[in-house]
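For reference, the structure discussed in these notes is given below.
The values are calculated or read from the model by the stated rules, or taken from the named source; none is laboratory data. Because the structure is predicted, anything quoted here is derived from the model rather than measured. Neighbour counts are summed over all protein chains in view; Cβ atoms, including those assigned to glycine, are modelled from backbone coordinates with ideal geometry. All accessible areas refer to the heavy atoms of the entire protein, side chains included, with ligands and DNA or RNA removed. Shrake-Rupley method; radii C 1.70, N 1.55, O 1.52, S 1.80 Å.
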Amino acid sequence: MDQLLQLAFNGLVSGTIIAIGAVGASLVWGVLRIGNFAHGDYMALGAFTAYLANVVFGLPMAVATVAAIAATALFAVVADQILLRPMRGKGLTSIFIVTVGLGFVLRSFLFLTFGSAVRTFSVDQSEVMVIGPLRASPGQVITIVVTSVAIALLAWVLQSTSIGRSMRAMSENPDLAAVTGVNTDRVSRITWLLAGGLAGLAGVCLGLVQGTFDANMGAYILFLIFTAIVLGGIGSAYGALVGGLVLGVSMEVATWSGFGGGVDPRYKLVMAFGALILLLLVRPQGVFGKARLL
């Protein structure tokens, strides 16, 4: 039973990272109808920005995380203004190709700037915190605390602020929202700020939990992010959150030896995609159903 609890905790940590990344990408689709296939590389940008601040300049990890969030949010807005905004109205395929190309360019930039060697933050990962039957690394504890705060703040923004109401209005009907006085350009910028900031935070947390990371980290996590989005219901921020948590926990718990010896950890991704295929066969719209729900 202790092993099962440990696996569930590890899955919860992984799930929160996937969820934070998935919520940002889901916001962009729900509000702006843009599938950003560079989102994983935004996470990598956040991780390397934090590395630059924490390791190269010797700043505390908390300061480095704030720098990563700010830099990734700013990059997301600038990329939208320069590359994606001019493509609106030219079809989803064109935007898809642009975001895929942006991801490759950003990944290549990180390789050219930081090299192909794995990097790590200045955090002692050998320390182990014992909480009852659970054993947690500093990176795992930081991730749980920070992502919980981020999720609570995001829920407050979406439900209790005027910008959140404007985002929900645009997700339902952008033309009607514009007619009723919603500043769609402002909402678009704020959506990208939120999505970019969440991607930066998720990238830092992923680097902390893994211990090491490189410029390819975004390509790996991107598939899990979009799996979580589809599981929860495309365009649903809360669905993406639930989808990420369920995905992370189920992949880890599936390796429990109590399940007939457990699944080989190498096949955790196979389990994730298998669950996705089954859900799509039974409920193609995802758990939360409405593709335009925030």
As I understand it, the value is the acute angle between the Cα axis of helix 138-160 and the longest principal axis of the Cα atoms of the chain; what does it come to in degrees, rounded to 10? 30 degrees
Which percent of Cα pairs goes in each bin when the distances of region 134-271 are cut into 10 angstrom slices starting at zero? 10, 32, 34, 16, 7, 1
Can you work out the PRE-style zone for Leu280? Point 7 Å along Cα to Cβ, and I want the residues of region 230-247 with backbone N under 14 Å. 230-234
Where a ≥ b ≥ c are the square roots of the eigenvalues of the C-alpha gyration tensor, would you call region 160-206 rounded, which needs a/c under 1.5, or, failing that, prolate if a/b is larger than b/c, or oblate? prolate
Against the longest alpha carbon principal axis of the chain, how many degrees, from 0 to 90 and to the nearest 10, is the axis of helix 268-282 turned? 50 degrees
Mind checking the full-extension length gain between Glu172 and Asn216? Use 0.36 nm per residue of separation minus the Cα-Cα distance, one decimal, nm. 12.3 nm
Alpha carbon convex hull of region 146-227, projected area averaged over orientations, nm²: 6.5 nm²
Heavy-atom surface of the chain, accessible at 1.4 Å and reported per residue (Å²): 45 Å²
Mean ellipticity per residue at 222 nm, deg cm²/dmol - from DSSP H runs of n ≥ 4 across the chain, formula -39500 (n - 2.57): -23000 deg cm²/dmol
Over the chain, with a single point scatterer placed on each C-alpha, what log10 of the ratio I(q)/I(0) does the Debye formula yield at q = 0.08, 0.15 1/Å? -0.33, -1.17
Whole-percent carbon and sulfur contribution to the accessible surface of the chain (1.4 Å, no ligands, DNA or RNA) stands at 70 percent
Solvent-accessible surface ranking, highest first, for Glu252, Glu127 at 1.4 angstrom: Glu127, Glu252
Taking the simple approach of a point 7 Å from Cα along Cα-to-Cβ for both Glu127 and Leu269, what is their distance in nm? 3.3 nm
Largest-first ordering by accessible area, 1.4 Å probe, given options Leu134, Leu269: Leu269, Leu134
For Ser257 and Arg135, what does the FRET efficiency come to when R0 = 22 Å and r is the distance between their Cβ atoms, rounded to the nearest 0.05? 0.80
Picking from Leu84, Leu194, Leu112, which is most flexible by a Gaussian network model of the chain using Cα springs under 10 Å? Leu112
Largest first and rounded to whole Å, the semi-axes √(5λ) derived from the alpha carbon gyration tensor of region 109-168 read 32, 24, 7
Rounded if a/c under 1.5, otherwise prolate or oblate - region 21-109, Cα gyration tensor axes: prolate
If ligands, DNA and RNA are left out, what is the accessible area of Ile97 with a 1.4 Å probe, given in Å² to the nearest 10? 100 Å²
Angle between the chain longest axis and helix 39-51 axis [Cα atoms, degrees, rounded to 10]: 60 degrees
